[in-house]
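Visitor: Before we start, here is the structure in question, set down as structure tokens.
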Amino acid sequence: MRKLLQRHEFFLATITLMMIAAIGLANPVFYSLSNLFDLCKSSTVVGLFALGVLVVLVSGGIDVSFAAIGAFSMYVTSRTLLALDFHGSAVIAFLLAGIIGLSLGLFNAVFVAFFRLPTLIVTLGSASLFRGLLLGFIGTTIVNNLPEGMVRFSKLTMWNSTLANGTTTGLSWSFLLFVLAALLVGLLLQRTMLGRGIYAMGGNLVAAERAGFNIRRRQLFIYGFVGLLSGVAGIVHACTMRNANPFDLVGMELNVIAAVVLGGAGITGGRGTVLGTVLGVFLIVTINNSLILLDVPSYWQKVVTGLVILVSTGITARSRAQRVRGVGLC
Amino acid sequence: MRQELVAVNHVSKHFGGVQALRDVSVTLYRGEIRCLVGENGCGKSTLIKIIAGALQPDAGEIVVGGKQCTHLEPMEAIRAGIQVIYQDFSLFPNLTVAENLAINTELERGARLVNWRNIRRIATEAMRKLGGDIDLGKTVGELSVADKQLVAISKALLHNAKVLIMDEPTTALTHKEVKTLFRIVTDLKQRGMSILFVNHKLQEILEIGDTITVLRNGQNVAEGEAPQFSHGDLVRHMTGRQLQNRPVETAASGGATAIKVTGLTRKGAFEHISFEVRAGEIVGITGLLGSGRTELALSLFGLEPADSGSIEIGGQVVRMRSVRDAIRAGIAYVPEDRLAEGAFAEQSIERNIVISGLSSFARLAGWISPTHLRRVVAPWMANLRIQAPSARMPVASLSGGNQQKVVLGRWLATQAKVLILNGPTVGIDVGAKMDVHAKIQELACKGMAVVLISDDLRELVEVCGRILVMHRGRIVKEFQTTGCDDDGLAAELGCVGIVG
């Protein structure tokens, strides 16, 4: 029981529930099914990015290029499919964007794994590079008529119900992608030697090398995987927005990293769980989407987000430091 | 008949122009603890790495299990049962004890998926072998240093180790933990393992070692059964110098009172501390961890101001509320953990030396001329015998002894009247220790008042004229060291129930 109380995830869930209770009391609209579905839908893009960032943070690195990769994959895929006059399923769009994202991620990985450059520097540079290439060479016009498959996908919902006012609501299928990715990353991190090796790298890189983990292969995997997830997230974003805007996504990096750190991942590596990350994403998205229901002006949402991050990560960091110090004394 | 497990015969190794090992031989026998001693840079680490297969020797041979070879590959060494516990333990602080123990085994098995039950089983088995009782579910980062070491040893034993090499295992341990470690190591020896114990704490070597090999400048200089060696012999072999043993009777020991402390109290740390130190005198302060000795030093240096009582420097009462007050009053402090508190590790030696007296080196508008800096620092480098290719090297690249000399040098450059040293020779080797001691005595001769806080009774007896003993925040006893040796002191301290 004490263990449960000490866990960051428990703390986070409590904050989220308190927040939901408070918002709901102030404005009952919050408790409606359509609002819940809305929240899920909004969590998907942030969530997919966050899962990738989680893997990188656990390994002891950082990636700030994921949003640029997402935008690049999304826009290039949409334009390509339109140019080919493709009418097939959205699966192809996801595949294509995934492959583009994977390649861009591997581009990062090469610098990290073979030239041993600091990950922040590499991804800062590549983020700028990808965005520049996208806007400079591929285009700046917003695509408003998405390929047919993507439009169909964006309208797919489940658990449809009709509301009192006659409109129908349902959970978007894209949310399923987030759930699947979360399960996949959870299994990867907890149940495979690949995943444990990523934790080991984040804990002590020298020891991981001495133990015989293939560090390079893991780095290729990690950054490639982030790229892949970002590509998929890009398509989900386009489907949600019903357009492909090359200026989108970039700018949300800090929000995503904040959600992951809020979820208990250590910025210095070695710590973090999928459950925590998912909770962190929900909390951030709830704040961003729902304070509006309380008539909180949008600038104040940023203030609240900042405070939540400072307070909640601060409390856990402090209690951890105290535990470690307590051990040091005896 | 002693059974030979690993023999290294006549190996040499050079890096660039530096000869790290020259014609060194060492043989490890079953059921024996061999101590490998020598100063930093004598080639100990190179020798360990050659045995572990991490380095290839230029010449010579290694015999493992009766098989001769020119060098070992890391995997061959592990298969032959050779395990090295490095100083940093090579553990993962973010993973649990169980996973730390089992991860290598799982990795070697070529497992792709994690079998948590299997991990638990391997870990339980490993802990049982050693008779430890560490909670397997705990995160390694939360363990004490001693427990981390226990985990590292258990992990090594998992690989059917026959030869266990431990690189300076006692550096971060308390007295009690060292005793526990020795019990474990002795037990392993009785079970037929061969242990190579790399260390430079001479007392420990004489206590635990069956046989001793001494290296100096990459060469075997002495070898034999431990009882053949005395403390003095080891020092002579390691340093090539004779240990000078008596405190220097300083000319100025009848000097004026430099610092006088009256009734100094800080709640929860120490109370009613009164003592005085004359110019040219070296006074030792000892006591257990938590006796208030470090807190007292911090108060004298203005880091943790005292609640009541007074401090007089050169006859004048000084308000000691901050480090700036202390430096202005002429107090210098060399802290316990020199890298964390004392030195700017990434900065160059010269910058470290001048940092506390920067304003006195600065010219017009605070400009510091690099050439002027170099001229000021050069004599200090020579005077302190800091061994470094250049004063522009970062302090972090130096050995512990040389780092300590840099920190000392920094305070000497401020021309302080009172020098407070807290554990100045912890973790540095014998030769550097002698240099530091000589320096301290030289400073006292020049009229500086020195307060030396230390655990090392031998050091206190050798360097200080007077020793104060602290216990639970009070000074409980005072000794003159003339005509006293460390055994005598230990016995007396034992009588007061403070040490041992």
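Laboratory data are not the source of any read-out in this text; all were calculated from the coordinates shown. Note that the structure is a prediction, hence the values are computed from the model and not measured. Because the Cβ atoms are built from the backbone with ideal geometry, glycine has one as well, and the counts that use them run over all protein chains shown.
Visitor: Among DSSP beta bridges lying fully in the protein assembly as shown, give the percent that are antiparallel, nearest 5.
Guide: Roughly 60 percent of the DSSP beta bridges within the protein assembly as shown come out antiparallel.
Visitor: To continue, here is another question. In region B:366-469, if the dipole is taken from +1 on Lys/Arg beta carbons and -1 on Asp/Glu beta carbons about the Cα centre, which of B:THR371, B:MET434, B:GLN404 is farthest to the positive end?
Guide: It is B:THR371.
Visitor: On to the next question. Please list the equivalent ellipsoid semi-axes of the protein assembly as shown, computed as the square roots of five times the alpha-carbon gyration tensor eigenvalues, in descending order and whole angstrom.
Guide: Working from the Cα gyration tensor, I get semi-axes of 58, 35, 26 Å.
Visitor: Computed on alpha carbon atoms, what radius of gyration and Dmax characterise chain A, expressed in Å?
Guide: 20.4, 71
Visitor: Taking chain A as a Gaussian network, where each spring joins two C-alpha atoms under 10 Å apart, which residue of A:PHE221, A:PHE114, A:PHE94 fluctuates the most?
Guide: So, out of A:PHE221, A:PHE114, A:PHE94, the one fluctuating most is A:PHE114.
Visitor: On to the next question. Could I get the Rg over Rh figure for chain B? Both from C-alpha atoms, Rh via Kirkwood, rounded to two places.
Guide: 1.00
Visitor: Mind checking the full-extension length gain between B:LYS67 and B:ASN9? Use 0.36 nm per residue of separation minus the Cα-Cα distance, one decimal, nm.
Guide: Answer, rounded to one decimal: 19.6 nm.
Visitor: Related question: Could you tell me the relative contact order of region B:4-239? Use alpha-carbon pairs under 8 Å, at least six residues apart, and round to a whole percent.
Guide: So the answer I get is 29 percent.
Visitor: Once the dipole of chain A is set up with Lys and Arg at +1 and Asp and Glu at -1 on Cβ about the Cα centre, which of A:ASN204, A:LEU106, A:PHE11 lies farthest towards its positive end?
Guide: Positive-most Cα among the choices belongs to A:ASN204.
Visitor: Can you give the relative contact order of chain B as a percent, counting alpha carbon pairs under 8 Å and 6+ residues apart?
Guide: That works out to 14 percent.
Visitor: What net charge do the residues around A:LEU275 carry, taking every other residue with its C-beta under 12 Å from that of A:LEU275, with Lys and Arg at +1 and Asp and Glu at -1?
Guide: 0
Visitor: Assuming R0 = 41 Å, can you tell me the calculated FRET efficiency for the pair A:ILE215 and A:VAL91, based on Cβ-Cβ distance, to the nearest 0.05?
Guide: That pair, A:ILE215 with A:VAL91, gives E of 0.75.
Visitor: Continuing with this model, one more query. Given contacts defined as C-alpha pairs under 8 Å and at least six residues apart, what's the relative contact order of chain A, whole-number percent?
Guide: The value is 33 percent.
Visitor: For B:ALA20, what residues show an amide H to amide H distance below 5 Å, using hydrogens built from the backbone and excluding near sequence neighbours?
Guide: So B:ALA20 has HN proximity to B:LYS13, B:HIS14, B:PHE15.
Visitor: Suppose every K and R has +1 on its Cβ and every D and E has -1 on its Cβ; what is the size of the dipole of chain B about the Cα centre, in Debye to the nearest 20?
Guide: Result for chain B is approximately 900 debye, rounded to the nearest 20.
Visitor: In addition: Considering only DSSP states other than H, G, I, E and B, which trypsin sites (Lys or Arg not before Pro) in region B:37-135 qualify as loop sites with at most 14 other Cβ atoms within 10 Å?
Guide: Loop-located and lightly packed - B:ARG109, B:ARG112.
Visitor: Mind checking the dipole of chain A: about its Cα centre, +1 per Lys or Arg Cβ, -1 per Asp or Glu Cβ, Debye to the nearest 20?
Guide: Charge dipole, chain A, about its Cα centre: 1160 debye, nearest 20.
Visitor: Cross-link candidates for B:LYS446: which lysines have Cα within less than 30 Å, leaving aside residues fewer than 8 places away along the same chain?
Guide: B:LYS446 reaches B:LYS260, B:LYS405, B:LYS417, B:LYS433, B:LYS477.
Visitor: Quick one: what are the phi-derived ³J(HN,Hα) couplings along region B:383-388, Karplus 6.51/-1.76/1.60 with θ = phi - 60°, whole Hz, x for glycine and proline?
Guide: 4, 8, 6, 6, 8, 8
Visitor: Also: Given A:LEU184, A:ALA244, A:THR273, which one lies farthest toward the positive end of the charge dipole of chain A, if we put +1 on the Cβ of every Lys and Arg and -1 on the Cβ of every Asp and Glu?
Guide: A:THR273
Visitor: Spelling out what I want: for every residue of region A:15-30, take phi, set θ = phi - 60°, compute 6.51 cos²θ - 1.76 cosθ + 1.60 (Karplus), and round to whole Hz; glycine and proline get x.
Guide: 4, 4, 4, 4, 5, 4, 4, 5, 5, x, 5, 6, 8, x, 4, 4
Visitor: If you bin every alpha carbon distance in region B:437-477 into 5 Å steps from zero, what whole percent lands in each bin?
Guide: P(r) for region B:437-477, in whole percents per bin: 5, 20, 29, 23, 13, 9, 2.
Visitor: Under 5 Å between amide H atoms, partner at least 5 residues away or on a different chain: which partners does B:ALA222 have, H built in plane at 1.01 Å?
Guide: Distant-sequence amide H within range of B:ALA222: B:VAL214.
Visitor: Note down the nm distance, to one decimal, between modelled labels 7 Å out along Cα→Cβ at B:GLU76 and at B:ASP307.
Guide: Placing both labels 7 Å along Cα→Cβ, they lie 6.7 nm apart.
Visitor: Can you pull the semi-axes for region B:4-239, root of five times each eigenvalue of the Cα gyration tensor, sorted largest first, whole Å?
Guide: 30, 21, 15
Visitor: A follow-up question, please. Could you tell me what fraction of 2.2 N^0.38 Å the Cα radius of gyration of region A:140-257 comes to, as a two-decimal ratio?
Guide: Here the answer is 1.44, to two decimals.
Visitor: Also, quick follow-up: Quick one: dipole size for the protein assembly as shown, taken about the Cα centre, charges +1 on Lys/Arg Cβ and -1 on Asp/Glu Cβ, in debye to the nearest 20.
Guide: With Lys and Arg at +1 and Asp and Glu at -1, about 960 debye.
Visitor: Give the long-range amide H neighbours of A:ILE267: residues separated by 5 or more places, or on another chain, with amide H under 5 Å away, using H modelled in the peptide plane at 1.01 Å from N.
Guide: Under 5 Å from the amide H of A:ILE267: no residue qualifies.
Visitor: Using only the Cα atoms of region A:272-322, what are the Rg and Dmax in Å?
Guide: Reported Rg and Dmax, both Å: 12.8, 39.
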